[in-house]
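Taking it in order: structure first as structure tokens, then the write-up.
What follows draws every value from the coordinates through simple rules; no lab data is involved. Since the structure is predicted, the reported quantities are computational estimates derived from the model, not experimental observations. Neighbour counts are summed over all protein chains in view; Cβ atoms, including those assigned to glycine, are modelled from backbone coordinates with ideal geometry.
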Amino acid sequence: MATESSSKSRPGISTFKGQDRALRAGRLGTGGLLLSVLAATAPLMVVAGVMPTTFAVMGIVGQPLLFVILGVVLVLFSVGYAEMSRHVHNAGAFYAYISRGLGGTAGASAALVALVAYNALQVGIYGIFGFEVSSLLATYADLSVAWWIPALVAALVVGALGWLKIDVNARVLGVLLIIEVALVVTFDIAAVADPAAQGLSLHAFNPDTLSGAGVATALCFCIAAFTGFEQAPVYAEETSRPHILVPRVMFLAVSGVAVFFALSSWALTVATGPSAIVAESQKQSAGLLFGLTESRLGGTFTDVLHFLFVTGMFAALLSFHNVVARYAFAMGREGLLPAAFGRTNSASGAPGTGSLLQTAVSVVVVAVFAIADDKPTGDPTVPVLHLFTWFGNIGSLGVIVLMAAASASVVVFFVRRGAAGAQAWRLVTSAVAGIALLVIAVYTVKDFDVLVGAGPGSSLSWVLPGIIGLAVLVGLAQGLLLRARRPEAHARIGLGNEAFQLEKAAGETS
């Protein structure tokens, strides 16, 4: 359907105009692509922030086992998702895949959800980033700086880097990531070498530790730690062999993240003792990791860890910024955003207008929370924590919904192509992963008040997840409107640069 309509000229729609309508190919190899997507996982932020929070809030010792379970689910998801990447090369990965399987209207909805979700994930980090930088300046430089000042500075720096070539960004992300991982591994080794009184206990991997009503909600916490691996197809147009590199990077990323976080969360239980991990997490919160390194590796190591905590968050900010810019580029190229978003910078080949959009969103949201913070009687940490938890969980919910929809799309895509027999095992894995992700999404919405620290009767429990619901509905409305008024543009959703290449070929032969 889409291919037929994309092979002829489309009145009223911007047509192929050269390289400014396509991202430059051949700029990323396996290493650069892997580092770009892994940077979004922010390993130190997960170990220092997400893990203690999950232990403290949910009271579940078996967090290491949760990472193993999620790793299995996401590997199953990746089987079909990676196979789709061999057939679809588009900077709007999620919505391109969904539109190819479930149709252009569903694709338009997925595009808006992706744009909202990744924006939320990126913007949320500015809160904790600004707060941590402000704390470091107060501790080491005796400077009192409001959290929103370093947050705004970071937004501008990230925006500037978004204009540069992606290989420059990959090097920045790679250096920060490698150092960060090395320090976490050093702690893991130190914890194993100097365990608490219970010794090298494997109790955290015991299935009995997952009994209770909080397991599904704990999965909601933990799945955010994996966010990033699914971004590999976003860069497909910028690799020389996307059909080989994208699947390879995805499997390396998701399996590596699962093992790394399972071992690191286990190391936390070893360092405190399984029986004490929940109480210590409730007592020290994000300070748990730094307290454990202080006693085992000394003050200098802990100081460096604090610094890398900041640089790791910066790497995640840059990674999410790049993804948002490319989604905006893909949407602009296909008529879901103004055409200006669908062109690249002539100098660097980067999606410049999308980069500006993401920077503007970040600055506006940080400014709003900064104004909310400017109250003489308020708690200065509240807006910061709200910015981080509210937006982080909104973004995580959006990504879970997109992965569930993408799993369904994989099944429909290959069935419609008559490849159900040849792809049978991939369809089964996609269906299993999709069901599991849908269950996690339902529990995420059900327990959203727990995720954001609001009371059971708080309006936040439905307003915040409602943002993703609203994006779904608005995107569907846009898709239906486009199908009614501009059916040729609707048919092109998800084709990406392929549509413009087809138009160019048609124009040359006519």
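Summarised in one figure, the compactness ratio Rg/Rh of region 379-471, Cα atoms and Kirkwood Rh, is 1.16. Each residue of region 43-55 is assigned a 3J(HN,Hα), and the resulting list reads x, 5, 5, 5, 5, 7, x, 5, 5, x, 5, 5, 4 Hz, derived from the Karplus form 6.51 cos²θ - 1.76 cosθ + 1.60 (θ = phi - 60°), x at Gly and Pro.
With both labels modelled 7 Å from their Cα along Cα-to-Cβ, the Val432 to Thr186 distance reads 4.0 nm.
Simple spin-label estimate for Asp303 and Phe205 gives 3.7 nm between the two label positions (7 Å along the Cα-to-Cβ direction from each Cα). If R0 is 51 Å, what FRET efficiency do you get for Leu263 and Arg416 from their C-beta distance, rounded to 0.05? Once rounded, the FRET efficiency stands at 0.80. If R0 is taken as 30 Å, the Cβ-Cβ distance between Ala279 and Val442 corresponds to a FRET efficiency of 0.50. In terms of packing, defined here as the mean over residues of other Cβ atoms within 10 angstrom, the peptides 112-120, 258-266, 187-195 line up highest first as 112-120, 258-266, 187-195. Short to long, the 10 Å bins of the Cα pair-distance histogram for region 76-137 hold 20, 34, 23, 15, 8, 0 percent of all pairs.
Ranked by the mean number of other Cβ atoms within 10 Å of their residues, highest first, the peptides 461-472, 414-425 come out as 461-472, 414-425.
Taking 0.36 nm per residue of separation and subtracting the Cα-Cα distance, what length does fully extending Gln198 through Arg248 add?
Once the chain is fully extended between Gln198 and Arg248, it gains 14.1 nm.
The HN-Hα couplings worked out from phi for region 70-81 by the Karplus form 6.51 cos²θ - 1.76 cosθ + 1.60 (θ = phi - 60°) are 5, x, 5, 4, 6, 5, 4, 4, 5, 4, x, 4 Hz, whole numbers, x standing for Gly and Pro.
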